[in-house]
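Peer 1: Have a look at the structure that comes next, please.
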Amino acid sequence: MSDIQFFGHIIDGEEVESLDGARFDVWNPWTQEVFAQAAEAGAADAARAVESSRRAFEEGPWPRMGRAERAAAIHRLADLMEERADDLARLDSTNMGKPFAQAKHDVGRSVWNFRFFADHQRDHVGEVYPMDSGHHSYSEFGPAGVVAAISPWNFPLMMATWKIAPAIAWGNTCIIKPSEDTPASVTLLGRLAIEAGFPPGVLNVLNGHGAPAGAALTADERVDRVTFTGSSTTGKAVMASAATHLAPVSLELGGKGANLVFDDADLDNAVHWAVEAIFRNSGQICLAGSRLFVQSGVHDEFMDRFRAAAEALVIGDPFDPATRFSVLASRRHFEKVRGYVESVEEQGGKVLTGGVDEDGAWLVRPTIVTDLPLTAPQYCEEIFGPVCVVNRFETEDDVVALANDTRYGLNAMVFTENLSRAHRVSSRLRAGTVWVNCFFIRDLRTPFGGVGDSGVGREGGNFSREFFTEPKAVVMQIDRG
Ligand code: NAD
């Protein structure tokens with residue numbers, strides 16, 4: 001084990017061990033081997049990271065520098081990420097089993113997160129309102145302070161950068177705590193930030209578990225904002241903890257996305273996206289189209305094609321270029337998904353295709369389930385795996401009611417060639433994002449977030465600006481006459 005990699009914390013411009021030297025194992029779910037170790041933060045390490053970011057905010061150049069200079073620094077980091085794109089992608093594939101081509105795509109999106117917010121903070125500086133009363137008022141968006149960002153394992157680099165990028169672009173300093181399952185790529189990002197010349201403390205990486213590391217960050221009263229992506233249950237704990245010192249929270253939580261295929265859909269397109277929506281990343285996507293509703297007129301044809309496309313996905317080693325689908329990210333998660341799949345029949349459902357691999361891999365094949373009652377856990381709860389529950393529907397009203405009958409509300413998909421229906425149904429769906437005839441396409445200017453148990457607040461474009469700054473109004477008298 002002596003030559004395995006080590007991922008330390010990045011604190012105050014240096015890569016360091018935990019104060020007590022504690023470490024935890026980092027797994028490769030494809031080989032089922034430990035390929036690295038990471039520093040395991042305790043409360044004292046979290047405090048050290050916060051202290052460093054606080055100092056960088058109070059005394060360092062970052063919040064005070066010109067917008068162009070800050071943007072240039074962030075673009076420099078993005079350049080380095082592009083140079084090291086293969087290394088970043090390799091770490092995510094190794095660490096959570098994602099096919100390498102998909103990990104490369106995620107790196108591109110992560111780079112874009114930085115470039116987008118670097119430019120956005122230059123272009124959306126504030127608003128000016130000449131007033132009829134002879135005053136002039138304007139808004140100013142100053143940085144909020146120290147941001148604690150906590151991210152999940154399903155898109156290790158992309159989810160972390162979605163939080164770090166707006167936080168630092170708006171002049172804050174940031175501590176990111178990646179998931180304990182996937183510390184690798186974010187630690188490399190922290191190393192690249194040092195190489196890019198970021199002042200110490202602007203981006204600290206704290207590795208460790210939810211408790212004590214994450215919990216210590218959210219409870220620390222020197223933290224001004226908490227941005228969290230993860231499960232709804234943890235989100236509630238994060239919100240309660242941040243509330244003790246009134247730190248605003250942004251929570252991006254779980255989902256149970258509804259995918260609506262109408263009789264008039266372009267079936268080639270609908271099948272393609274239905275497969276992407278539930279089987280990409282082995283279904284470990286908050287936005288997964290895990291509840292699929294198909295209208296009666298196309299139901300049988302759609303299901304034949306959907307099943308064939310699911311069965312055609314090439315399953316294998318994340319580093320084989322042919323692979324489209326691979327293992328689940330950890331043994332713990334595999335056991336959870338396996339439990340849902342193996343109890344389908346006892347809940348009254350049928351497994352049309354897929355199921356658990358019996359060869360000892362942490363693999364659940366692309367799985368399509370029918371005939372489940374609407375009260376079954378597989379239908380109501382977020383499985384976060386490659387399990388699609390399908391229902392037939394008759395009318396638009398019926399399917400809108402079905403789609404909205406969930407405590408989640410992150411996203412939905414609508415497949416129809418009828419323009420009026422597309423707008424009407426999108427407007428009636430209770431969800432933060434609706435994709436019409438597509439899936440997973442993002443414009444970073446638009447709001448992103450969820451309704452109900454899917455989250456609190458929105459990020460993206462000016463929504464991120466509102467969260468990561470302290471907006472201020474300045475009102476000035478300009479006319480005494
Ligand atoms: P999780 O809630 O178990 O963990 C998320 C992060 O929170 C990890 O870094 C973890 O260490 C940390 N954490 C755990 N307990 C904590 C505590 N008490 N205080 C502070 N931090 C704590 O989630 P996960 O299993 O890593 O991720 C999967 C979940 O994330 C799914 O529910 C998925 O839908 C959701 N997700 C949501 C979005 C979105 O944008 N809405 C995106 C990706 C994933």
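The values are calculated or read from the model by the stated rules, or taken from the named source; none is laboratory data. All figures in this text were calculated on a predicted structure; none of them were measured in a lab. Cβ: placed from backbone, ideal geometry, glycine included. Neighbour counts: every protein chain shown. Side chains included, ligands, DNA and RNA excluded: accessible areas come from the protein's heavy atoms. Shrake-Rupley method; radii C 1.70, N 1.55, O 1.52, S 1.80 Å.
Peer 1: May I ask for the angle, rounded to the nearest 10°, between helix 331-342 and the longest principal axis of the chain, with both axes built from Cα atoms and the value confined to 0 to 90°?
Peer 2: 30 degrees
Peer 1: With a ≥ b ≥ c taken as the square roots of the eigenvalues of the C-alpha gyration tensor of the stretch 264-394, please select rounded if a/c is under 1.5 and otherwise prolate if a/b is larger than b/c or oblate if it is not?
Peer 2: oblate
Peer 1: Amide H of Arg392 versus every other amide H placed in the peptide plane: which residues, excluding those fewer than 5 positions away on the same chain, fall under 5 Å?
Peer 2: Close amide H contacts, sequence-distant or interchain: Val294.
Peer 1: Calculate, for Ile194 and Ser296, the FRET efficiency according to 1/(1 + (r/R0)^6) with r their C-beta to C-beta distance and R0 45 Å; round to the nearest 0.05.
Peer 2: Efficiency computed from Cβ-Cβ geometry: 0.15.
Peer 1: Still on this structure, please answer the following. How about the stretch 1-66: which GluC sites (Glu not before Pro) there lie in a loop by DSSP and see at most 15 other Cβ atoms within 10 Å?
Peer 2: Of the GluC sites (Glu not before Pro), the ones in loops of the stretch 1-66 whose Cβ has at most 15 other Cβ atoms within 10 Å are Glu17.
Peer 1: Kirkwood hydrodynamic radius for the stretch 81-197: how many Å is it when counted over pairs of different Cα atoms?
Peer 2: 15.6 Å
Peer 1: At 7 Å along the Cα-to-beta-carbon direction for both Glu69 and Ala101, put a label point, then send me their distance in nm to one decimal.
Peer 2: Label-label distance for Glu69 and Ala101, simple model: 4.5 nm.
Peer 1: Taking the Cβ of Gly235 as the center, what net charge do the other residues with Cβ under 10 Å away carry, scoring Lys and Arg +1 and Asp and Glu -1?
Peer 2: Taking every other residue near Gly235 into account, the sum is -1.
Peer 1: 7 Å from Cα along Cα→Cβ at both Thr395 and Glu470: what's the point-to-point distance in nm?
Peer 2: About 5.5 nm, to one decimal.
Peer 1: Give me, ordered by chain and number, the residues 5 or more places off Phe6 or on other chains with an amide H under 5 Å from its own placed amide H.
Peer 2: Gln37
Peer 1: Using helices alone, I'd like the mean residue ellipticity at 222 nm for the chain: each DSSP H run of four-plus residues gives -39500 (n - 2.57), total over residue count, nearest 500.
Peer 2: -12000 deg cm²/dmol
Peer 1: Return the Rg/Rh ratio of the chain with Cα-based radii and a Kirkwood Rh.
Peer 2: Rounded to two decimals, Rg over Rh is 1.00.
Peer 1: While we're here: For the stretch 373-423, compute Rh as the Kirkwood radius over C-alpha pairs and then the Stokes-Einstein diffusion coefficient at 10 °C and 1.306 mPa s; write the answer in µm²/s, rounded to an integer.
Peer 2: Using the Kirkwood radius from Cα pairs, D works out to 124 µm²/s.
Peer 1: Between Ala412 and residues 5 or more places away or on another chain, which pairs have amide H atoms under 5 Å apart, with H built 1.01 Å from N, and which residues are they?
Peer 2: Thr433, Val434, Trp435
Peer 1: OK, next. Hey, if you drop one equal point scatterer on each alpha-carbon of the stretch 361-481 and run the Debye formula without solvent, what base-10 log of I(q)/I(0) do you get at q = 0.12, 0.18, 0.20, 0.22 Å⁻¹?
Peer 2: Relative scattering, expressed as log10 I(q)/I(0), comes to -0.61, -1.13, -1.28, -1.40.
Peer 1: Within the accessible area of the chain, what % is carbon and sulfur when the probe is 1.4 Å and the other protein chains stay in place?
Peer 2: Carbon-and-sulfur percentage of accessible area, whole number: 51.
Peer 1: Measure off 7 Å from each Cα along the Cα-to-Cβ vector at Arg332 and Asp268, then give the distance between these two points in nanometres to one decimal.
Peer 2: 4.5 nm
Peer 1: Shifting gears a bit: Can you work out the Karplus-derived ³J(HN,Hα) for every residue in the stretch 242-251? Use 6.51 cos²θ - 1.76 cosθ + 1.60 with θ = phi - 60°, whole Hz, and x for glycine or proline.
Peer 2: 5, 5, 5, 10, 6, 7, x, 10, 10, 10
Peer 1: If you don't mind, another one. Can you give the accessible area per residue of the chain, in Å², using a 1.4 Å probe?
Peer 2: 39 Å²
Peer 1: Summing +1 for each Lys or Arg and -1 for each Asp or Glu, what net charge is found among the other residues whose Cβ lies under 9 Å from the Cβ of Ser250?
Peer 2: +1
Peer 1: With Cβ to Cβ distances under 13 Å as the rule, what net charge do the other residues near Phe393 carry (K, R +1; D, E -1)?
Peer 2: Within the 13 Å Cβ shell, the charges total -4.
Peer 1: In addition: Give me the distance between the Cα centres of the stretch 433-476 and the stretch 177-238, rounded to whole Å.
Peer 2: If we compute the Cα centre of each part, the gap is 21 Å.
Peer 1: Compute the FRET efficiency between Asp79 and Arg122 as 1/(1 + (r/R0)^6), taking r as their Cβ-Cβ distance and R0 = 22 Å, and round to the nearest 0.05.
Peer 2: With a Förster radius of 22 Å, E is 0.80.
Peer 1: Go ahead and run the numbers for FRET between Glu311 and Arg442, Cβ-Cβ distance against an R0 of 30 Å, rounding to 0.05.
Peer 2: Taking R0 as 30 Å, the efficiency between Glu311 and Arg442 is 0.55.
Peer 1: Sticking with this one: Hey, how many Å between the Cα centroid of the stretch 269-292 and the Cα centroid of the stretch 407-431?
Peer 2: Using only Cα atoms, the two centres lie 16 Å from each other.
Peer 1: Let me ask something additional. Restrict the search to the stretch 386-431; then list the GluC sites (Glu not before Pro) that DSSP places in a loop and that have at most 11 other Cβ atoms within 10 Å of their Cβ.
Peer 2: Counting only loop positions with at most 11 other Cβ atoms within 10 Å, the GluC sites (Glu not before Pro) in the stretch 386-431 are Glu394.
Peer 1: Tabulate in residue order the Karplus-calculated ³J(HN,Hα) for the stretch 181-193, using 6.51 cos²θ - 1.76 cosθ + 1.60 with θ = phi - 60°, rounded to whole Hz; enter x for Gly and Pro.
Peer 2: Per-residue couplings from phi come out as 6, 9, x, 5, 5, 6, 5, 4, 4, x, 5, 5, 5 Hz.
Peer 1: Using Cα-only point scatterers and the Debye equation, what is log10 of I(q)/I(0) for the stretch 242-328 at each q in 0.21 Å⁻¹, rounded to two decimals?
Peer 2: Taken in order of the listed q values, log10 I(q)/I(0) reads -1.00.
Peer 1: Here's a follow-up. How about the stretch 450-481: which trypsin sites (Lys or Arg not before Pro) there are in a DSSP loop, with at most 16 other Cβ atoms within 10 Å of their Cβ?
Peer 2: Arg480
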